[in-house]
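Q: For reference, the structure I am asking about is given below.
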Amino acid sequence: MDLILKYFPEISQDQIDCFTRLKDLYSNWNKKINVISRNDIENLEERHILHSLAVARFIQFRPETQVLDLGTGGGFPGIPLAIYFPDSRFVLVDSTGKKIKVVEEIIRALSLKNTIARHSRAEYLSEQFDFILSRAVAPLKKIEKWTRKNILSGSLNDIPNGWICLKGGELEKEVEQIGEPVTVIPLSRWYEEPFFSTKKIVYIKK
Ligand code: SAH
């Protein structure tokens, strides 16, 4: 919990309890259905929870903001953000049914009332959202193409609706393919741990 509190000291006791429970929940579920590498379970707080919460450094979602986590896998970044933003609504989608089963169980165990999990490919989703998040799913252009139909017009928040993606490595080509201005922020701006030194957040407005 120390790392989360280092960067997010404002969280409530309820939120601390939820984040703390994630380690046991994922350790148990991961034995049955592998959604996180074994090594990463040991580093869940840094590599999954804190990494996901980088989105909360970039934007504070207003109440009622509708958020899609596309390709959520075992629930990242969606689950940590749903805990952090209890007044926003999260839909966590993945095309792999067994991963969605784990996400459903985590949502149920934590009684996350603002979150639902859905087994679907992005291409078949019709619901619309203010923001679409993803971590490590596909090149930016593909994500944009699959989900352009899913972004609400208008805007509830300080920045226009759009995509917020957590990415690692070389991004130049992917950003070029978008063909419009894209905001890229290195996570080292907020986090000092070496794990984040190559990681970035990418924002594309609709
Ligand atoms: N975001 C998670 C998982 C990343 S792995 C994390 O960072 O831990 C990528 C995930 O995207 C896989 O679970 C895969 O099933 C899902 N995925 C890939 N293409 C998809 C699509 N078109 N629609 C929905 N899910 C997709």
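Q: Does THR115 satisfy the criteria of being of a type in the set (S, T, N, Q) and buried (at least 24 other Cβ atoms within 10 Å of the Cβ)?
A: yes
Q: Go through (1) open to solvent by 70 Å² or more (accessible area, probe 1.4 Å); (2) of a type outside the set (D, E, K, R); (3) modelled with pLDDT of 95 or more for PRO181 and report which single condition fails.
A: It fails just one condition, (3).
Q: Take region 54-77 and flag every residue that is assigned to a helix (DSSP H, G or I) and buried (at least 23 other Cβ atoms within 10 Å of the Cβ).
A: Matches in region 54-77: ALA54, VAL55.
Q: Under 16 Å from the mean Cα position of the chain (by Cα) and of a type in the set (Gly, Ala, Ser): which single residue out of SER188, SER134 fits that description?
A: Result: SER134 is the single residue among SER188, SER134 that is under 16 Å from the mean Cα position of the chain (by Cα) and of a type in the set (Gly, Ala, Ser).
Q: So, one more: Scan region 119-154 for residues that are more than 10 Å from the ligand (Cβ to nearest atom), in contact with a Gly (Cβ under 9 Å, 6 or more places away or on another chain) and in a loop (DSSP other than H, G, I, E, B) and jot them down.
A: Matches in region 119-154: ASP130 only.
Q: Just give me the residues in region 184-206 being within 17 Å of SER134 (Cβ to Cβ), charged (D, E, K, R) and either at pLDDT below 95 or open to solvent by less than 50 Å² (accessible area, probe 1.4 Å) (or both), in sequence order.
A: The answer is LYS199, LYS206.
Q: I need a count of the residues in region 126-158 that are crowded, with 20+ Cβ neighbours inside 10 Å and of a type in the set (Gly, Ala, Ser).
A: Residues that pass the stated criteria total 1.
Q: For residues that are over 20 Å from LYS23 (Cα atoms) and touching a Gly at 6+ places or on another chain (Cβ under 7 Å), scanning just region 44-96, find the one that is farthest from the ligand (Cβ to nearest atom).
A: PHE90
Q: Just to be sure I understand the filter: pairs with C-beta atoms under 8 Å, separated by 6 or more residues or on different chains, first member in region 94-123 and under 20 Å from TYR84 (Cβ atoms), second member of a type in the set (Phe, Trp, Tyr) and within 12 Å of the ligand (Cβ to nearest atom). Which pairs pass?
A: ILE106/TYR26
Q: Restricting to region 155-194, what's the tally of residues that are within 16 Å of the ligand (Cβ to nearest atom) and not hydrophobic (A, V, I, L, M, F, W, C)?
A: Within region 155-194, residues that are within 16 Å of the ligand (Cβ to nearest atom) and not hydrophobic (A, V, I, L, M, F, W, C) number 4.
Q: A further question follows. So GLU45 passes all but one of these: (1) open to solvent by 30 Å² or more (accessible area, probe 1.4 Å); (2) out of contact with any helix residue (DSSP H, G or I) (no Cβ under 7 Å at 6 or more places or on another chain). Which condition number does it fail?
A: With respect to (1) open to solvent by 30 Å² or more (accessible area, probe 1.4 Å); (2) out of contact with any helix residue (DSSP H, G or I) (no Cβ under 7 Å at 6 or more places or on another chain), GLU45 is out only on (2).
The values are calculated or read from the model by the stated rules, or taken from the named source; none is laboratory data. The structure displayed is predicted, hence computed values, not measured ones. Methodologically, a virtual Cβ is constructed for each residue, glycine included, from the backbone with ideal geometry; neighbour enumeration extends over all protein chains shown. Remember, those area values only see protein heavy atoms, side chains included, never the ligands or the DNA or RNA. Shrake-Rupley method; radii C 1.70, N 1.55, O 1.52, S 1.80 Å.
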